[in-house]
């Protein structure tokens, strides 16, 4: 089973790489209030036409470079 995450593109300043921010909601261990936690992933974008702020689905792959382990699966918006 492949790891598929959904997030928003926050940076396109690198060549063939985008930064996608994935946000999830987690309950506080004691107070049970829902908190937003976010993580930024470097994603390979070879052959993709993307825009800043677009929602995308990313999938885990073999290591592409030192910090890149994800590729764009599809653009949802």
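The values are calculated or read from the model by the stated rules, or taken from the named source; none is laboratory data. Note that this is a predicted model, so its numbers are computed, not measured. Cβ placement follows ideal geometry from the backbone for every residue including glycine, while neighbour counts extend to all protein chains displayed.
Kindly establish whether residue 62 is exposed (fewer than 15 other Cβ atoms within 10 Å of the Cβ), at pLDDT 95 or above and under 10 Å from the mean Cα position of the chain (by Cα). Answer is no for this residue.
All conditions but one from (1) touching a residue at least 40 places away in the same chain (Cβ under 8 Å); (2) part of a loop (DSSP other than H, G, I, E, B) apply to residue 77; the one that does not is (1). Scanning the range 1-20 for residues that are outside any strand (DSSP E or B) and either within 12 Å of the chain's Cα centre (by Cα) or under 18 Å from residue 77 (Cβ atoms) (or both) turns up just one, 3. Kindly establish whether residue 54 is in contact (Cβ under 8 Å) with a residue 24 or more places away in the chain and farther than 20 Å from residue 66 by Cα. It is true that residue 54 is in contact (Cβ under 8 Å) with a residue 24 or more places away in the chain and farther than 20 Å from residue 66 by Cα.
Residue-by-condition table, conditions (1) modelled with pLDDT of 95 or more; (2) part of a strand (DSSP E or B); (3) out of contact with any helix residue (DSSP H, G or I) (no Cβ under 8 Å at 6 or more places or on another chain); (4) exposed (fewer than 14 other Cβ atoms within 10 Å of the Cβ):
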{"residue": "22", "(1), (2), (3), (4)": "yes, yes, yes, no"}
{"residue": "26", "(1), (2), (3), (4)": "yes, yes, yes, yes"}
{"residue": "30", "(1), (2), (3), (4)": "yes, no, yes, yes"}
{"residue": "36", "(1), (2), (3), (4)": "yes, yes, yes, yes"}
{"residue": "39", "(1), (2), (3), (4)": "yes, yes, yes, yes"}
{"residue": "49", "(1), (2), (3), (4)": "no, no, yes, yes"}
{"residue": "58", "(1), (2), (3), (4)": "yes, yes, yes, no"}
{"residue": "66", "(1), (2), (3), (4)": "yes, no, yes, yes"}
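Filtered by the rule that a residue be closer than 15 Å to residue 22 by Cβ and over 10 Å from the mean Cα position of the chain (by Cα), the range 39-59 gives 53, 54.
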